[in-house]
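Just so you know, all these numbers are worked out from the coordinates, no wet-lab data involved. All values reported here derive from a predicted model rather than from experimental measurement. Note: ideal-geometry Cβ built from the backbone for every residue, glycine included; neighbour counts use all protein chains shown.
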Amino acid sequence: MSDTIKIKLPDGSEKQAPRGTTSLDVAKSISPRLASAAIAAKATALGPGKESSNGDLVDLTRPLENDVELRILTDKDPEALQVFRHSSAHLLAAAVLELFPETKLGHGPATDNGFFYDFYRPTPFTPEDLEKIEKKMQELVQQDLPYAREFLPRDEGLQRFKREGDFMKCHFIEQFTAPDEKISIYRTGKFLDFCRGPHIPSTGRIKAFRLLSIAGAYWLGDEKNPQLQRIYGTSFYSKKELDDFLHKQEEAKKRNHHVLGKQLDLFSIQELAGPGLIFWHHKGGLIRKQMEDWMRDEYL
Ligand SMILES: [Zn+2]
């Protein structure tokens, strides 16, 4: 086995690099700017029978062991934003564990607008707790902690999470891995997660984030199971993007139909009748009739 590998880049050029080179090394060798803008990479194995593969998202720090077609993803790639926000969810979990070490962890995916993480803890989180957690996240960003990957034999991983009482992580390991498989673990500070990744290289990349809300969710969606607390947040590559997002949220709140309905005297909801029944006031009733008339005309 040769100790160099071939790396094919999107512009068609090819590089030879030592086996075990990382995508971050490749990015650095192209330009320092690319290296600092890089979020993750997409690697497609080169060789017979591999052409149809769409490639795997990988950590920038993952060693490349075989000939590969490589695309470095930056903040311009939608897939990179998912990686960035999922990594932000890890940051949230790490901060929660620092402040509330008794918390048990569920999962923390990226969503359309940001990310969430599910936590199990008998005491509900308060809005003040969210502020504390945000501060702690900021500290962990300053520390620029790496998202370090380790592999463990499945049994060892299971035992480790079992010892901590992490029933949800144990469930995920049992559900998603085979008995003889090695499991993939990521460490961010004191926070250890069973996760396939990929993630950004380190927490210092997360420049702009905000925790948005808390909601209840049942473990596995079953009301007989413990109730979890789902903390929602969002993150962006720059403070400006975050500010724009928060501004839009505020504007949307002002246009919420509950607020407008009251302000414009259009309708009300009576507690006695329940939230499903709308009581139209005369202005709202008029608008409704005009909309219905318009719709009937369209149908005809
Ligand atoms: Zn993860």
About its Cα centre, the chain carries a charge dipole, from +1 on Lys and Arg Cβ atoms and -1 on Asp and Glu Cβ atoms, whose size in debye to the nearest 20 is 460 debye
Relative contact order for the chain, counting Cα pairs under 8 Å that sit 6 or more residues apart, in percent: 15 percent
In the Gaussian network model of the chain, springs joining C-alpha atoms below 10 Å, which of VAL141, VAL259, VAL96 carries the largest mean-square fluctuation? VAL259
How big is the charge dipole of segment 113-268 about its Cα centre, in debye rounded to the nearest 20, if each Lys and Arg gets +1 on its Cβ and each Asp and Glu gets -1 on its Cβ? 280 debye
Along the positive direction of the dipole of the chain (beta-carbon charges: Lys, Arg +1; Asp, Glu -1; about the Cα centre), which of PHE125, ILE206, HIS90 reaches farthest? ILE206
With a cut-off of 8 Å between alpha carbons and a minimum separation of six or more residues, what is the relative contact order of segment 71-145 in percent? 29 percent
Gain in span if fully extended, HIS171 to ASN54, counting 0.36 nm per residue against the direct Cα distance: 39.2 nm
With point charges of +1 on the Cβ of Lys and Arg and -1 on the Cβ of Asp and Glu, referenced to the Cα centre of the chain, which listed residue (LEU192, THR177, ALA273) lies farthest in the positive direction of the dipole? LEU192
Between TYR218 and TRP280, what length in nm is gained on full extension when 0.36 nm per residue of separation is reduced by their alpha carbon distance? 18.8 nm
Going down the list LYS253/LYS283; LYS76/LYS253; LYS6/LYS207; LYS42/LYS182, which pairs span over 24 Å between their C-alpha atoms? LYS76/LYS253; LYS6/LYS207
With Cα coordinates, the longest principal axis of the chain makes an angle with the long axis of helix 167-176, in degrees rounded to 10, of 60 degrees
The farthest towards the positive end of the charge dipole of the chain, of the residues MET168, LEU145, THR22, given +1 on Cβ of Lys and Arg and -1 on Cβ of Asp and Glu, is LEU145
Taking LEU145, LEU192, LEU99 and counting other beta carbon atoms within 10 angstrom, the fewest-first order is LEU99, LEU145, LEU192
Which of TRP280, TRP294, TRP219 has the fewest Cβ neighbours within 10 Å, and the rest in rising order: TRP294, TRP280, TRP219
State, as an integer percentage, the relative contact order of segment 35-178 based on alpha-carbon contacts under 8 Å between residues 6 or more apart. 17 percent
Degrees, to the nearest 10: 282-299 long Cα axis against longest axis of the chain: 70 degrees
Only Lys, Arg (+1) and Asp, Glu (-1) charged, at Cβ; segment 47-120 dipole about Cα centre in debye: 120 debye
Using only the alpha-carbon atoms, how far is helix 239-254 inclined from the longest principal axis of the chain? Give it as 0 to 90 degrees, nearest 10. 20 degrees
Order of ARG296, ARG71 - criterion: other Cβ atoms within 10 Å of each residue's Cβ, fewest first: ARG296, ARG71
